[in-house]
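See below for the structure under consideration.
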Amino acid sequence: MDAPILRVEDLVKSFGSRRAVDGLSFAVAPKEIFGLLGPNGAGKSTTIGMLVTLARPDGGRIEIAGIDVVREPERVRPLIGYVPQELALYPALSARDNLAFFGRIYGLGGRKLAERVEAVLEVVGLRERGGDLVRTFSGGMMRRLNLAAGLVHGPKLLFLDEPTVGVDPQSRNSILEHVLRLRDEGLTILYTSHYMEEVQRLCDRVAIVDEGRLLALDSPKALIAELGEGLLVIGLPEGGAEALTACATTVNALGKVTARDGLLYVEARNVNKALLELLDLCSVRELGLGSLQVLEPSLESVFLRLTGKRLRD
């Protein structure tokens with residue numbers, strides 16, 4: 001197995017008394033699309049800031065292609081591309097001039113720069129519009145040019161932070177196809193998104209984080225398989241979810257049972273049997289149901305069970 005292109009070990013970052021990233025560890029293999037998911041405030045942006053050398057960790061270690069990011073950031077930067085959620089473009093310049101500017105930042109020039117600019121315009125389908133001012137572009141075209149700006153210097157590892165936010169479905173699909181093509185051509189990509197369907201379509205593996213800690217890491221298929229036939233989300237009177245947790249774990253039709261904020265999250269090996277058994281347990285303990293949801297197995301359901309939140313909340 002190839003050595004990871006990105007290795008993160010016990011990463012820590014605090015802001016005053018608040019620990020935004022709390023002992024986070026994971027590794028990304030070459031030619032992998034790796035999803036980093038978490039609700040708002042989970043520590044994703046802080047983590048990415050440290051991975052791309054924009055912030056210094058308080059503890060832990062980051063290596064990219066075997067190079068320590070904290071000790072040798074100047075060696076790491078040419079190896080990575082970063083496409084932030086905010087558009088980093090100059091509207092009064094043409095697409096080519098924008099890309100040439102970013103290429104020069106990385107030390108490219110002359111014929112090599114010109115070739116790279118044309119190559120990435122081709123990659124994102126904007127070569128025919130390369131001479132047009134960016135302010136004349138649609139939102140989807142700007143997003144594709146933003147992607148090209150992160151690629152112009154030929155990185156080995158690309159960080160994509162919400163690359164499809166605010167674009168129409170056709171533009172979103174185009175960007176996703178470009179991302180898959182880049183992976184197929186050998187690029188490694190770390191991907192964040194608030195659109196779960198994108199993550200399921202693109203990512204080879206997914207890390208789910210909350211409150212700066214890693215909650216789960218596996219392929220989308222494996223994470224979804226843990227839910228069995230589905231996820232039951234049950235609202236109970238105060239203290240009821242916690243009281244039901246211990247006895248519910250003995251029921252054969254149930255998988256993992258988690259109580260959080262007055263709700264019981266139940267992985268159902270068999271939905272019909274699980275519902276009957278749970279209603280039975282509630283009746284015996286005289287617990288009235290405040291609410292009941294039956295969710296199909298999906299990455300969104302996995303995320304809800306682990307964090308108690310939906311990704312786009």
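Annotations
- If you go through the stretch 130-151 and keep only what is crowded, with 16+ Cβ neighbours inside 10 Å and not in a helix (DSSP H, G or I), you end up with GLY130, PHE137.
- Filter pass, LEU292 being more than 26 Å from the chain's Cα centre (by Cα) and without any contact (Cβ under 8 Å) to a residue 60 or more places away in the chain: no
- Residue match in the stretch 9-19 (condition: of a type in the set (Gly, Ala, Ser) and either closer than 30 Å to LYS221 by Cα or not assigned by TED's automatic domain parsing to the domain that holds ASP184 (or both)): no
- Across the stretch 162-180, the qualifying residues are those that are surrounded by 15 or more Cβ atoms within 10 Å (Cβ to Cβ) and charged (D, E, K, R), and the one among them that is farthest from GLY139 (Cα to Cα) is GLU162.
- Against the conditions (1) surrounded by 18 or more Cβ atoms within 10 Å (Cβ to Cβ); (2) over 29 Å from ARG75 (Cβ atoms), ARG127 satisfies every one except (1).
- Close pairs (6 angstrom Cβ cut-off, 6 or more residues apart or separate chains): at negative phi in the stretch 204-227, in a strand (DSSP E or B) and not hydrophobic (A, V, I, L, M, F, W, C) anywhere: VAL206/GLY35; ARG213/ASP22; SER219/ARG205; LEU227/GLU267
- Top-ranked residue of the stretch 234-245 - restricted to ones that are under 33 Å from the mean Cα position of the chain (by Cα) and surrounded by fewer than 19 Cβ atoms within 10 Å (Cβ to Cβ), ranked as nearest to GLU300 (Cα to Cα): GLY235
- Of the criteria (1) closer than 23 Å to ARG201 by Cα; (2) more than 23 Å from the chain's Cα centre (by Cα), which one PHE34 fails: (2)
- Scanning the stretch 204-238 for residues being in contact with a Ser or Thr (Cβ under 8 Å, 6 or more places away or on another chain) and not in a helix (DSSP H, G or I) gives a total of 15.
- Check on VAL21, aliphatic (A, V, I, L, M), buried (at least 16 other Cβ atoms within 10 Å of the Cβ) and farther than 21 Å from PRO155 by Cβ: yes
- The set of residues in the stretch 91-134 being at pLDDT below 95 and among the hydroxyl-bearing types (Ser, Thr, Tyr) consists of TYR106 alone.
- Candidate set from the stretch 255-313 (those that are in a strand (DSSP E or B) and β-branched (Val, Ile, Thr)); member that is modelled with the highest pLDDT: VAL294
- Looking only at the stretch 39-54, and only at residues there that are of a type in the set (Gly, Ala, Ser) and surrounded by 16 or more Cβ atoms within 10 Å (Cβ to Cβ), the one that is farthest from PRO78 (Cα to Cα): ALA42
- Qualifying residue in the stretch 261-276 (condition: without any contact (Cβ under 8 Å) to a residue 40 or more places away in the chain, within 24 Å of GLN200 (Cα to Cα) and either in the same structural domain as GLY43 (by TED's automatic domain parsing) or crowded, with 16+ Cβ neighbours inside 10 Å (or both)): yes
- Residue satisfying condition, being of a type in the set (Asp, Glu) and in contact (Cβ under 8 Å) with a residue 24 or more places away in the chain, within set GLU198, GLU185, GLU242, GLU177: GLU198
- Test: residue in the stretch 64-85 that is over 15 Å from PRO155 (Cβ atoms), free of Cβ contacts under 8 Å to residues at least 12 places away in the same chain and in contact with a helix residue (DSSP H, G or I) (Cβ under 9 Å, 6 or more places away or on another chain): yes
- Hits in the stretch 86-99 - residues which are without any contact (Cβ under 8 Å) to a residue 24 or more places away in the chain and surrounded by 14 or more Cβ atoms within 10 Å (Cβ to Cβ): ASP97
The values are calculated or read from the model by the stated rules, or taken from the named source; none is laboratory data. Remember, predicted model here, so these are calculated numbers, not experimental data. Ideal geometry is used to build each Cβ from the backbone, glycine not excepted, and the neighbour counts take in all protein chains shown.
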